[in-house]
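The structure appears right after this line, and notes come after that.
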Amino acid sequence: MRPSQRLLRPVVTLLSDSPRASVKASEVLQRLFNMEHIDMSRHHKSSDINRLERNPIEDDALNKALLPYFRRGFHSVGCLDKGSGTIFHLLSLACDTRNTEHSISAEKDNERMNYLSLLSITETRISGKENVIDDCIASIHGTRDIIARHMDKSMLNALKLLAMQFLNKPITPHHITSLDNGLPLFLFPDDETLKTDEKSGQVQSKLKLREIVIPFDDESTYPNGLTLLQSLSNSALPRPKTGLFQWTSTSKLSANGGFTIRPLPIAKVDLNVPSPSIIFQCESLDQVQSEFSRHAILNKVGFNSMTPGQLMVNHHNLQGIDLRYCQSKELSSIFQEAQESLMAGSLDDLQNVNVMVKGGNPQSVGENPAASPTRVDSMNGLGDCWVEFRANLKRPMGYFEGKSRRKSVQRTVKAPDLPYE
């Protein structure tokens with residue numbers, strides 16, 4: 001008897017601040033990008049817990065990775081982009097391995113923004129079951145095992161994670177994998193998987209994942225000595241255009257599944273590594289703006305008289321990642337960077353606090369939950385001729401060349417304030 005073919009489903013893992021923040025981010029992704037919730041509690045025995053808060057993962061490899069130094073668990077929330085067949089996996093540090101739903105209910109619902117960061121992009125081989133959600137749950141379990149194999153399991157890292165959680169500080173991908181300068185973890189599909197020709201009907205979806213843009217420092221390397229660009233170039237991923245790599249999905253959800261990856265090198269003078277960009281394909285930007293403008297702040301970027309450009313999404317539950325809509329059907333070798341990239345080579349102390357935040361008159365914003373109130377800069381009226389000198393003293397590494405002067409920071413992505421001709 002011929003065995004059933006094992007299909008490929010890509011999983012994009014985003015690191016979140018907390019289990020509650022992961023739940024909120026998942027809800028916003030479902031609302032704004034037409035994703036389907038992956039119920040991780042599908043096989044959970046308890047029935048009196050909210051379906052978004054139940055998490056049956058207790059004693060898997062990821063939760064056991066740092067034992068006996070670290071007894072906290074890692075909470076997973078998932079949602080499925082049906083158009084591309086990609087799973088978005090939101091991973092966060094929980095307070096208790098065996099009672100994750102209790103840690104969510106006990107968590108303070110403060111107004112702090114949720115900062116997401118790109119942890120990994122991996123492929124998982126699934127059995128091609130008729131139930132898509134069961135396959136998605138198996139894919140998330142497989143991704144957790146992959147992350148566990150690449151986690152820094154030292155006692156020092158476990159103590160660092162405990163200290164970060166105790167101080168209510170966000171955990172970055174570097175704290176999990178210890179990769180150089182927060183590089184994302186990759187597990188590329190092999191040649192045999194990419195040659196798979198799975199015929200299936202295409203899902204009629206208004207939105208689908210189109211592209212993931214990953215800024216990187218060309219001096220940051222993986223343990224094998226390769227940079228991010230070299231790792232992508234050495235993989236079997238096809239290249240539809242110069243500078244783009246096609247990550248194929250052979251799931252039964254779509255005939256043209258998958259997405260493209262765009263590695264984006266930063267400038268040598270940049271002090272910070274900008275946030276990754278996740279771009280979704282849509283039918284019309286005008287339709288998206290009229291439909292979702294009350295749920296999030298939408299800003300145009302890269303538009304002119306010849307091209308419609310893209311729409312950037314600003315929501316307080318989806319900070320740290322540049323999310324966009326794009327209506328163009330053609331791939332391009334050109335990418336319009338956000339304000340964060342333009343400010344990467346400047347000192348934060350020399351910028352007004354509202355430079356990287358969407359300001360504006362609260363009365364004109366109305367009841368928009370994504371609006372960020374304008375903040376008052378403490379340096380207003382206090383500037384002098386020594387401001388730049390003092391700012392440089394706080395960042396002395398700016399005087400030296402090399403990757404030690406660049407790091408990943410959490411900022412609010414904003415459209416560039418540039419005049420368009």
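Observations
- Within the range 301-316, residues that are touching a residue at least 12 places away in the same chain (Cβ under 8 Å) and within 19 Å of P276 (Cβ to Cβ) sit with their Cβ atoms under 9 Å from residues that are among the basic types (K, R) and open to solvent by less than 20 Å² (accessible area, probe 1.4 Å), at 6+ positions apart or across chains, in these pairs: V301/R324; Q310/R324; L311/R324; M312/R324; V313/R324.
- The condition of being modelled with pLDDT of 80 or more, over 18 Å from the mean Cα position of the chain (by Cα) and open to solvent by 20 Å² or more (accessible area, probe 1.4 Å) holds for only one of D96, D134, D109, that being D134.
Residue-wise test of (1) modelled with pLDDT of 90 or more; (2) under 22 Å from S117 (Cβ atoms); (3) open to solvent by 10 Å² or more (accessible area, probe 1.4 Å); (4) among the polar types (S, T, N, Q).
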residue: L209; (1), (2), (3), (4): yes, yes, no, no
residue: S231; (1), (2), (3), (4): yes, yes, yes, yes
residue: A236; (1), (2), (3), (4): no, no, yes, no
residue: R239; (1), (2), (3), (4): yes, no, yes, no
residue: K252; (1), (2), (3), (4): no, no, yes, no
residue: N256; (1), (2), (3), (4): no, no, yes, yes
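- N181 vs. criteria within 30 Å of F292 (Cα to Cα), touching an Asp or Glu at 6+ places or on another chain (Cβ under 7 Å), open to solvent by less than 50 Å² (accessible area, probe 1.4 Å) and at pLDDT below 85: no
- Scanning the range 299-317 for residues that are at pLDDT 90 or above and of a type in the set (A, V, I, L, M) turns up L311, M312, V313.
- Condition met for D191 (open to solvent by 50 Å² or more (accessible area, probe 1.4 Å) and either at pLDDT below 85 or of a type in the set (K, R) (or both)): yes
- The range 139-175: number of residues that are of a type in the set (G, A, S) and either in contact with a helix residue (DSSP H, G or I) (Cβ under 6 Å, 6 or more places away or on another chain) or surrounded by fewer than 17 Cβ atoms within 10 Å (Cβ to Cβ) (or both): 3
- Residue check, S117 open to solvent by 10 Å² or more (accessible area, probe 1.4 Å), at pLDDT 90 or above and closer than 30 Å to F166 by Cα: yes
The values are calculated or read from the model by the stated rules, or taken from the named source; none is laboratory data. Quantities reported herein were computed from a predicted structural model and do not represent experimental measurements. Glycine also receives a Cβ, built like all others from the backbone with ideal geometry; neighbour counts cover every protein chain displayed. Each accessible area value is taken on the protein alone, full model and side chains, heavy atoms only, with ligands, DNA and RNA left out. Shrake-Rupley method; radii C 1.70, N 1.55, O 1.52, S 1.80 Å.
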